[in-house]
Amino acid sequence: MLNFHLTKRIATGIMPHYYRKHNGKDGFMTFYQELQLNQIGSKAVIRGAETKKEKVRHTCIYFVKIAITMLFCMGFVIGFSTIFGDDNSIAGVVLLLFLMVFKNADFGIGMKDSLGVMGIIFAVLIVMPRLANSFDPITGMFINMGCIFLLAFLSCHNLLMFNQSTVVLGYLLLYGYDASGKTFALRSIGLLLGAAATILVFYRGHKKRTYKRNIKDLFSEFNIHSSRTQWQIALALGVSSIMCVVELLDLPRSMWAGIAAMSVMLPFEKDSKVRTKGRIPGNIIGGIVFLILYIILPPSFLSYAGIIGGIGVGLSATYGWQSLFNSFGAMAVATSLIGLEGAIFFRIFHNICGSLYGQTFYKLFSKSLRRFSSDRDGLSVV
């Protein structure tokens, strides 16, 4: 469970230039600065090296970065699981994701309101996945719909931040890995402590920034005719409805379909097409590779599949490869629950259906709203 969704999101620093000004002089980026680069940035630096020595140096730093990231992620989630129980490892993954992402990402509003938004987000994450799971699929769909919209509305005002890849993903993971009784109580305590830690990290990372907007602006800028609002509504409707369909069909792992739909339901059509073209073949090939590894490696492979996948994601600069390696950990966990055949089949099936459904749903939803707006404007003129 450690590394399905972490590596893509935690290294968010972007330094587009191989050389940059540092301490008033032009020179190499420092070791620490290179550690802040994402996969694309690191590989760009390696390709831009002018000598073999420089290329070796940057390649070594790249692998050190991956090793440090993996060790830190493993240590954090293992520690969280030791304290709050192995069944709550997913909550540790979600918390780590928040801590690493919101060190850099923000909500585009003032600090006081941002901290309030963070509190609301964690309240939703603690209570609502459990509540949605306690009802039938239809009722659960409406609960999920409201929660996903609220999370997208509060955290995704700046679409370029792609905060849904953290906030909505966290909700879907907690929904998919439900907990009850003592496990839920321990999960709630862990997430409460995590909320405090995330708020502290967020404050330290953003306290010197000035924002013109506040939370009132989020409401005043809500407009059914704006692309942002339409995307937020479509995301809530599309993700919750595909999960409901999967659950009504009594198929396992509905969250896989929801995450697939969320991943491709982007406000920018070009990005959505790229995601769909990468996610579907990535999961198909990932399923095949996982099966081969399962056959040729000892049974202990399942315990390390997530780590292998995390390393692979760390080395991947394209979404297709990231999707391939992301599937390893998810299928390893599912194998113990629904068997090898079920894990591979439903991982592929849900990702194909979720990706196609999400892209199609968003297209049709947006087209319907544009037509509605045009008809209304025509009636107003008449």
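Would you confirm whether or not the stretch 68-79 contains a residue that is of a type in the set (S, T, N, Q), free of Cβ contacts under 8 Å to residues at least 60 places away in the same chain and either buried (at least 20 other Cβ atoms within 10 Å of the Cβ) or over 21 Å from LEU125 (Cβ atoms) (or both)? Steps first, answer last, please.
First, the residues of the stretch 68-79 that are of a type in the set (S, T, N, Q): 69.
Checking which are free of Cβ contacts under 8 Å to residues at least 60 places away in the same chain leaves us with none.
No, because not a single residue in the stretch 68-79 is of a type in the set (S, T, N, Q), free of Cβ contacts under 8 Å to residues at least 60 places away in the same chain and either buried (at least 20 other Cβ atoms within 10 Å of the Cβ) or over 21 Å from LEU125 (Cβ atoms) (or both).
Looking at the stretch 131-248, the helices (runs of 4 or more DSSP H) lying wholly inside it that each contain 1 or more residues that are at pLDDT 95 or above sit at 137-155, 167-176, 181-206, 227-248. For the stretch 80-88, the criterion of being of a type in the set (Gly, Ala, Ser) and touching a residue at least 24 places away in the same chain (Cβ under 8 Å) is met by at least one residue.
To keep it simple, each residue is scored yes or no on (1) under 17 Å from TRP231 (Cα atoms); (2) charged (D, E, K, R); (3) free of Cβ contacts under 8 Å to residues at least 40 places away in the same chain.
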{"site": "ASP106", "(1), (2), (3)": "no, yes, no"}
{"site": "GLY110", "(1), (2), (3)": "no, no, no"}
{"site": "MET141", "(1), (2), (3)": "no, no, no"}
{"site": "ALA152", "(1), (2), (3)": "yes, no, no"}
{"site": "LEU169", "(1), (2), (3)": "yes, no, no"}
{"site": "GLY181", "(1), (2), (3)": "no, no, yes"}
{"site": "ALA195", "(1), (2), (3)": "no, no, no"}
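Taking first residues from the stretch 43-67 that are farther than 26 Å from ILE308 by Cβ and partners that are charged (D, E, K, R), the Cβ contacts under 7 Å between residues at least 6 apart in sequence or on separate chains come to ALA49/LYS55. Set side by side, the residues GLY282, GLY278 differ, and just one is small (Gly, Ala, Ser), touching a Phe, Trp or Tyr at 6+ places or on another chain (Cβ under 6 Å) and at negative phi, which is GLY278.
Among the helices (runs of 4 or more DSSP H) confined to the stretch 252-348, the ones with at least 1 residues that are over 22 Å from VAL167 (Cα atoms) and either at pLDDT below 90 or hydroxyl-bearing (Ser, Thr, Tyr) (or both) are located at 269-296, 301-315. Within the stretch 269-288, the set of residues being exposed (fewer than 15 other Cβ atoms within 10 Å of the Cβ) and of a type in the set (A, V, I, L, M) comprises ILE288 only. Residue count for the stretch 90-108 under the criterion of being touching a strand residue (DSSP E or B) at 6+ places or on another chain (Cβ under 9 Å) and either surrounded by 24 or more Cβ atoms within 10 Å (Cβ to Cβ) or among the charged types (D, E, K, R) (or both): the result is 0.
Can LYS207 be described as surrounded by fewer than 17 Cβ atoms within 10 Å (Cβ to Cβ) and either in contact with a strand residue (DSSP E or B) (Cβ under 8 Å, 6 or more places away or on another chain) or within 25 Å of LEU115 (Cβ to Cβ) (or both)? Yes, satisfied.
Select from the stretch 109-130 the residues that are in a loop (DSSP other than H, G, I, E, B) and surrounded by fewer than 20 Cβ atoms within 10 Å (Cβ to Cβ) and list them in ascending order.
Restricting attention to the stretch 109-130, the residues satisfying the condition of being in a loop (DSSP other than H, G, I, E, B) are 109-110.
Matches in the stretch 109-130: GLY110 only.
The values are calculated or read from the model by the stated rules, or taken from the named source; none is laboratory data. Only a predicted model underlies this, so the values are computations on that prediction, with no experimental measurement involved. Note that each Cβ is placed from the backbone with ideal geometry, even for glycine, and that neighbours are counted across all protein chains shown.
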